[in-house]
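Take a look at the structure below.
Since every read-out is calculated from the coordinates, none of them should be taken as a lab result. Every value quoted in this text rests on a predicted model; they were computed, and no experiment measured them. In this analysis, Cβ positions are derived from the backbone assuming ideal geometry, glycine residues included, and neighbour counts consider all displayed protein chains.
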Amino acid sequence: MLRQPVVAGRFYDDNPTRLNEMVDRFMGESQQDAASTLLAMVPHAGYIFSGAVCGQTLAKANLADTIVLLGPNHTGRGERFSVWNEGSWNIPGGSVSVDEELAAKLLEATPLLSADTAAHTGEHSLEVILPFLHRLNPKTTIVPIAISAFEFDALQQVGESIGAVLKSLGRPVSIVVSSDMSHYISHDQAKEKDTLALDAAVSLDPRGLFSTVREHEISMCGVLPMTTGLFAALAMGATKGDLVTYATSGEVSGDFDQVVGYAGVLVS
């Protein structure tokens, strides 16, 4: 099955040449990590706001050719853990193929994962990352998973199942999580709240991240996929987390009263 982009021309340029130039500019001259990246977390807003954080983080990452994409489900459609398990995703000027073999292994690993396209059809959170991944490595293949389950035990079970499959696969796979941070509070409030969540994330503490976001009412839209991703990374042997960069939309718009926070995290 072929997925067509739904936010090209809105969140990012739909002209391939201009899009590639923008992506290259955002990625800049970042030095790639020597250690293999097990997990990267990047934002998914319009490129004018979050592209620099996304680009800087992914350019520094040392990603495998195959990537499991974990993102939030903003639309409410589809299954709680929705796997797009076949075909490819188009982007302006190219396409990214789904790793159907890996998707099948993940679906076999836990009944909580479901083959489902409904959750992805109108969802932007994974789509906006693909031009960066394709530009970094045109050979990239993906397994996109949209997550809407709020039960911590389910997130843990799915994360550990994903990690076990990736660890035993016999070839390297990275995880990329899509998440923005606080929404529509002041710059200073966002930075204070987001620091609490990010401290838990870089400490590789999925329970701490999940609890902190709930207790402090942090509007981090990707807390569910990031909790899942941290469990997977730990199952793969992760030992280190780093905050690459943090910014808010206010630094672009000049409006520091109502911002959205963006962070780049790498786990190895």
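Since Gly71 meets every condition but one in (1) part of a loop (DSSP other than H, G, I, E, B); (2) of a type outside the set (D, E, K, R); (3) touching a Gly at 6+ places or on another chain (Cβ under 8 Å); (4) closer than 18 Å to Ala115 by Cα, which condition does it not meet?
Going through (1) part of a loop (DSSP other than H, G, I, E, B); (2) of a type outside the set (D, E, K, R); (3) touching a Gly at 6+ places or on another chain (Cβ under 8 Å); (4) closer than 18 Å to Ala115 by Cα one by one, Gly71 breaks only (1).
Filtering segment 222-259 down to residues that are buried (at least 24 other Cβ atoms within 10 Å of the Cβ) and in contact with a His (Cβ under 7 Å, 6 or more places away or on another chain), which residue is nearest to Phe26 (Cα to Cα)?
Filtering first and then ranking leaves Thr248.
How many residues are in contact (Cβ under 8 Å) with a residue 40 or more places away in the chain, outside any loop (DSSP other than H, G, I, E, B), closer than 24 Å to Val165 by Cα and hydrophobic (A, V, I, L, M, F, W, C) if we restrict to segment 109-125? If you could, list the steps in order and put the result at the bottom.
At the first step, the residues of segment 109-125 found to be in contact (Cβ under 8 Å) with a residue 40 or more places away in the chain are 109-110, 112-113, 117-125.
Those left that are additionally outside any loop (DSSP other than H, G, I, E, B): 109, 118-121.
After this cut, where a residue has to be closer than 24 Å to Val165 by Cα as well, the list is 109, 119-120.
If we keep only those that are hydrophobic (A, V, I, L, M, F, W, C) too, we end up with 109, 119.
Count: 2.
Do you know which residues across segment 74-103 are assigned to a strand (DSSP E or B) and not β-branched (Val, Ile, Thr)?
Hits for segment 74-103 are Phe81, Ser82, Ser88, Trp89, Asn90, Gly94, Ser95, Ser97.
I'm told Ser168 meets every condition in (1) surrounded by 15 or more Cβ atoms within 10 Å (Cβ to Cβ); (2) polar (S, T, N, Q); (3) over 24 Å from Val260 (Cβ atoms) except one. Can you identify the failing condition by its number?
In the conditions (1) surrounded by 15 or more Cβ atoms within 10 Å (Cβ to Cβ); (2) polar (S, T, N, Q); (3) over 24 Å from Val260 (Cβ atoms), Ser168 misses (1) alone.
Which numbered condition trips up Asp205, out of (1) at negative phi; (2) among the charged types (D, E, K, R); (3) surrounded by fewer than 17 Cβ atoms within 10 Å (Cβ to Cβ)?
(3)
Go through segment 186-209 and count every residue that is among the small types (Gly, Ala, Ser) and within 14 Å of Met41 (Cβ to Cβ).
Residues in segment 186-209 being among the small types (Gly, Ala, Ser) and within 14 Å of Met41 (Cβ to Cβ): 4 in total.
Collect the residues in segment 1-39 that are under 28 Å from Gly254 (Cα atoms) and surrounded by 17 or more Cβ atoms within 10 Å (Cβ to Cβ), keeping them in residue-number order.
Matches in segment 1-39: Ala8, Phe11, Tyr12, Asp13, Leu19, Asn20, Met22, Val23, Phe26, Met27.
Can you report the number of residues in segment 1-59 which are assigned to a loop (DSSP other than H, G, I, E, B), in contact (Cβ under 8 Å) with a residue 60 or more places away in the chain, closer than 22 Å to Met181 by Cβ and among the polar types (S, T, N, Q)?
Residues that pass the stated criteria total 1.
Could you look through segment 80-91, keep only residues that are in contact (Cβ under 8 Å) with a residue 60 or more places away in the chain and under 22 Å from Glu160 (Cβ atoms), and pick out the one that is surrounded by the fewest Cβ atoms within 10 Å (Cβ to Cβ)?
Our first condition is that a residue be in contact (Cβ under 8 Å) with a residue 60 or more places away in the chain; within segment 80-91, this holds for 80-84, 86-91.
Filter once more, keeping what is under 22 Å from Glu160 (Cβ atoms): 80-84.
On the way: Arg80: 20, Phe81: 30, Ser82: 24, Val83: 24, Trp84: 26.
Only one residue fits best here, namely Arg80.
Out of all the residues in segment 175-196, is one or more surrounded by fewer than 21 Cβ atoms within 10 Å (Cβ to Cβ), closer than 20 Å to Leu266 by Cα and touching a helix residue (DSSP H, G or I) at 6+ places or on another chain (Cβ under 7 Å)?
yes
Which numbered condition trips up Leu106, out of (1) of a type in the set (A, V, I, L, M, F, W, C); (2) without any contact (Cβ under 8 Å) to a residue 60 or more places away in the chain; (3) part of a loop (DSSP other than H, G, I, E, B)?
With (1) of a type in the set (A, V, I, L, M, F, W, C); (2) without any contact (Cβ under 8 Å) to a residue 60 or more places away in the chain; (3) part of a loop (DSSP other than H, G, I, E, B) applied to Leu106, the lone miss is (3).
When segment 126-157 is examined, which residues are found to be surrounded by fewer than 21 Cβ atoms within 10 Å (Cβ to Cβ), touching a residue at least 60 places away in the same chain (Cβ under 8 Å) and not in a loop (DSSP other than H, G, I, E, B)?
Correct list: Leu136, Thr141, Phe152, Ala154, Gln156.
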